[in-house]
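Visitor: Submitted below is the structure of interest, expressed as structure tokens.
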Amino acid sequence: SQQGEEDPQALSIQEGENATMNCSYKTSINNLQWYRQNSGRGLVHLILIRSNEREKHSGRLRVTLDTSKKSSSLLITASRAADTASYFCAPARGDSSYKLIFGSGTRLLVRP
Amino acid sequence: GAGVSQSPSNKVTEKGKDVELRCDPISGHTALYWYRQRLGQGLEFLIYFQGNSAPDKSGLPSDRFSAERTGESVSTLTIQRTQQEDSAVYLCASSLRASGGQETQYFGPGTRLLVL
């Protein structure tokens, strides 16, 4: 299955703290994407990391990829209340990688 | 600039009725995708259109589901004889093209369907 599984299912932190969520998958991939979903802005693409990359940054986001362990992590530094959302990973293979398949996601709550 | 739009935003229907959901992709985007998201769950891929190529319908859950797209513009997803298990949020996304998953998919706000 191409589906990624996010862990933990839920995470509650204080504003200003860092949040780390993980993604595991089973097949070899070309790239892996992270998405965020909240009631205000819907489903939004955050970052894409290719299989030959180990780490990528975008603003307060840091994504790592370990293809040997078939896992990825998303770190949000200096969290804000507006980061409260569900976060999903989408591993993509080369053959049908346009199909985004999400797991249940990590529900992040950032307390003000 | 306009993003992906979907209509209606909410739809309540009775079991057995047909529903039609509409998606307007971002102008110039050749690839269009439909997904379904049940409450508290991730995305289920339904169907994908890329230009004039034959659509990938591999995700459609049954023959009650069908979708059409006119050229590189509007798409409609039709669910015939709706069942309660069809209740979900139906999300549409578009991208410039579908090149091995390298293209960012831009999502619409979704249509929340409730089948009573």
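Visitor: When you go through (1) surrounded by 12 or more Cβ atoms within 10 Å (Cβ to Cβ); (2) over 15 Å from the mean Cα position of the chain (by Cα) one by one for B:Q50, which number turns out not to apply?
Guide: (2)
Visitor: Among the numbered criteria (1) in contact with a Leu (Cβ under 6 Å, 6 or more places away or on another chain); (2) more than 14 Å from chain B (Cβ to nearest Cβ), which one does A:R36 miss?
Guide: Against the list (1) in contact with a Leu (Cβ under 6 Å, 6 or more places away or on another chain); (2) more than 14 Å from chain B (Cβ to nearest Cβ), A:R36 comes up short only on (2).
Visitor: Under 6 Å between Cβ atoms, which residue pairs at least 6 apart in sequence (or on different chains) link something in segment A:45-56 that is at the interface with chain B (Cβ under 10 Å from one of its Cβ atoms) with a partner that is in a loop (DSSP other than H, G, I, E, B)?
Guide: Close Cβ pairs satisfying both conditions: A:H45/B:T104.
Visitor: Give me the residue from segment B:58-86 that is within 14 Å of chain A (Cβ to nearest Cβ) and surrounded by 14 or more Cβ atoms within 10 Å (Cβ to Cβ) and, out of that set, nearest to A:A10 (Cα to Cα).
Guide: B:G59
Visitor: Under 7 Å between Cβ atoms, which residue pairs at least 6 apart in sequence (or on different chains) link something in segment B:32-53 that is among the charged types (D, E, K, R) with a partner that is outside any strand (DSSP E or B)?
Guide: Partner pairs satisfying both residue conditions: B:E44/B:G59.
Visitor: Condition test on A:I29, is it of a type outside the set (G, A, S) and in a strand (DSSP E or B)?
Guide: no
Visitor: Here is a follow-up. Name, by its number, the condition in (1) among the small types (G, A, S); (2) within 25 Å of B:G108 (Cβ to Cβ); (3) surrounded by 20 or more Cβ atoms within 10 Å (Cβ to Cβ) that does not hold for A:G59.
Guide: The one condition A:G59 does not meet is (3).
Visitor: Which residue, of B:G42, B:G28, B:G51, is within 14 Å of chain A (Cβ to nearest Cβ) and more than 27 Å from A:G103 (Cα to Cα)?
Guide: B:G51
Visitor: Next question. Residues of segment A:38-60 being of a type outside the set (D, E, K, R) and over 10 Å from the mean Cα position of the chain (by Cα), which ones?
Guide: Hits for segment A:38-60 are A:N38, A:S39, A:G40, A:G42, A:L43, A:V44, A:I49, A:S51, A:N52, A:H57, A:S58, A:G59.
Visitor: Would you check if B:E44 is part of a loop (DSSP other than H, G, I, E, B) and modelled with pLDDT under 95?
Guide: no
Visitor: Would you check if there is a residue in segment A:100-111 being part of a loop (DSSP other than H, G, I, E, B) and charged (D, E, K, R)?
Guide: No: zero hits.
The values are calculated or read from the model by the stated rules, or taken from the named source; none is laboratory data. Everything numeric here is computed off the predicted structure, so don't read it as measured data. Glycine also receives a Cβ, built like all others from the backbone with ideal geometry; neighbour counts cover every protein chain displayed.
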